[in-house]
Amino acid sequence: MVLNDLGKKINDALSNLNKDYHFDKQLLNKVLKDIQLALLQSDINVKYVKQLSDNILQKCNNIEEAVNKKKLIQQLVVQELTKMLDPKKQPFSLKSGKPNVVMFVGLQGAGKTTTCAKYANYWKKKGWRTCLICADTFRAGAFDQLQQIATKIRIPFYGNRTETDPVAIAIEGVKTFQKQNFEVIIIDTSGRHMQESELFDEMKQIYSAVCPNECIFVMDGSNGQACLNQAQAFKKAVDVGSVIITKLDGHSKGGGALSAVAATESPIIFLGTGEHFDDLETFKAESFVKRLLG
Ligand code: GDP
């Protein structure tokens, strides 16, 4: 994982504080510039980088008096990054004994189907009555992929090979599982590319038809700066309640995901850290930032 590259770069920026004997505003500005560069190189969006460094500068008012200036700035970076990840809104919590309909959305290849399975497996292991619906009629093989996974993790599955309308499948699937008193009813929708307005329309139709209790946006953490636009487009189309970031075991620098979450003001609930069904970590902002900083 290259997440903690940022930590190394920030440490390099702060090392100027050790070398230079005389501390003044000019040196502070240089250090902050280097920090800005490190954040940008970690794919944090320029708008947030500016905000973050302005906030740090403001809090550095009395820095001349601080004994350990390096530590102070380090702490401020952690504080500000953690603040960025706090959407000030609690994620949806499942209601026991009720049919909680959870719809997954995301770009093709983001890891949505895999994450649906991980999410299903996570709640099943905690004793919830969990099931999966395949409402992806767009990608050939989507039905088989989810059915095979569902069989592997022993979770009831609904899909329809012959029906071409994903809205009809989603409605029928939810109805079927509601009747059987399932508590976590997960709908996998077709992945889309950013330019495919038809698929965005389809997603909105499914959303309006089933009125999910929760809509989870699955985002590939290694998409860097592109994450921000993606998250904004999905948020505009449907009411994204929370986010799962995948592929943080790969070459992600983390910053893109971080900016995207700040933009959608939705909490991250899990991180995908591998291809296996158990590779799902519950998200904790502070430990994510600490990992990001190494
Ligand atoms: P979808 O098109 O969004 O439904 O994507 P899939 O669920 O089919 O996943 C696309 C690829 O990403 C597959 O090869 C998955 O095994 C892989 N994948 C999904 N999540 C993760 C993850 O957290 N880490 C890694 N390394 N691979 C993942």
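Readers should treat all values here as calculations from the given coordinates under stated rules, not as data from a laboratory. As the structure is a prediction and not an experimental result, all values here were calculated from the model. Here Cβ is always computed from backbone atoms with ideal geometry, including for glycine, and neighbour counts include all displayed protein chains.
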Completion exercise
Under 5 Å from the placed amide H of Glu183, counting only residues 5+ away or on other chains, we find Arg129, Thr130
Practice task
Pairs of lysines 8 or more apart, or on different chains, with alpha carbons under 16 Å: count those in the stretch 103-187, would you?
Solution key: 4
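Net charge within 10 Å of Val240 by Cβ-Cβ distance, Lys/Arg positive one each and Asp/Glu negative one each, not counting Val240 itself? Show your work: numbers first, answer last.
Numbers: positive: Lys235, Lys236; negative: Glu214, Asp239, Glu265.
Around Val240, the charge tally is -1.
Provide the packing ranking of 110-118, 57-65, i.e. peptides ordered by the mean count of other C-beta atoms within 10 Å per residue, highest first. Please list the in-between numbers first.
Working: 110-118: 24.3, 57-65: 12.1.
Top to bottom by mean Cβ count within 10 Å: 110-118, 57-65.
If packing is taken as the average count of other Cβ atoms within 10 Å, what order do 174-181, 255-262 fall into, highest mean first?
In decreasing order of mean packing, 174-181, 255-262 become 255-262, 174-181.
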Fill in the blank from the handout: Asserting the computed 222 nm helical MRE of the chain (DSSP H runs at least 4 long, -39500 (n - 2.57) per run, divided by residue count, to nearest 500) equals -16000 deg cm²/dmol
Practice task
Binning at 5 Å from 0, report for the stretch 191-292 what percent of all alpha-carbon pair distances ends up in each bin.
Solution key: 2, 13, 23, 24, 19, 12, 5, 1, 0
Fill in the blank from the handout: Computed ³J(HN,Hα) along the stretch 95-107: with the Karplus parameters 6.51/-1.76/1.60, θ = phi - 60°, integer Hz and x for glycine or proline, the list is 9, 5, x, 10, x, 8, 8, 10, 9, 9, 10, x, 6
Problem - Distant-in-sequence amide H partners of Ile268 (H built 1.01 Å from N, under 5 Å) - result: Val243
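If R0 is 30 Å, what FRET efficiency do you get for Val46 and Asn68 from their C-beta distance, rounded to 0.05? Write down the numbers at each step before the final one.
Values: r = 30 Å, r/R0 = 0.99.
Approximately 0.50, to the nearest 0.05.
Please give the contour-minus-distance gain from Lys290 to Trp128: 0.36 nm per residue of separation, less the Cα-Cα distance, rounded to one decimal in nm. Could the numbers behind the result be given before it?
Working: separation 162, 0.36 × 162 = 58.32 nm, distance 3.20 nm.
Separation in residues times 0.36 nm, less the Cα-Cα distance, equals 55.1 nm.
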Fill in the blank from the handout: proj_area_mean for the chain (convex hull on C-alpha atoms), units nm², value 15.6 nm²
Completion exercise
Given 159-168, 208-217, the highest-first ranking by average Cβ count within 10 Å works out to 208-217, 159-168
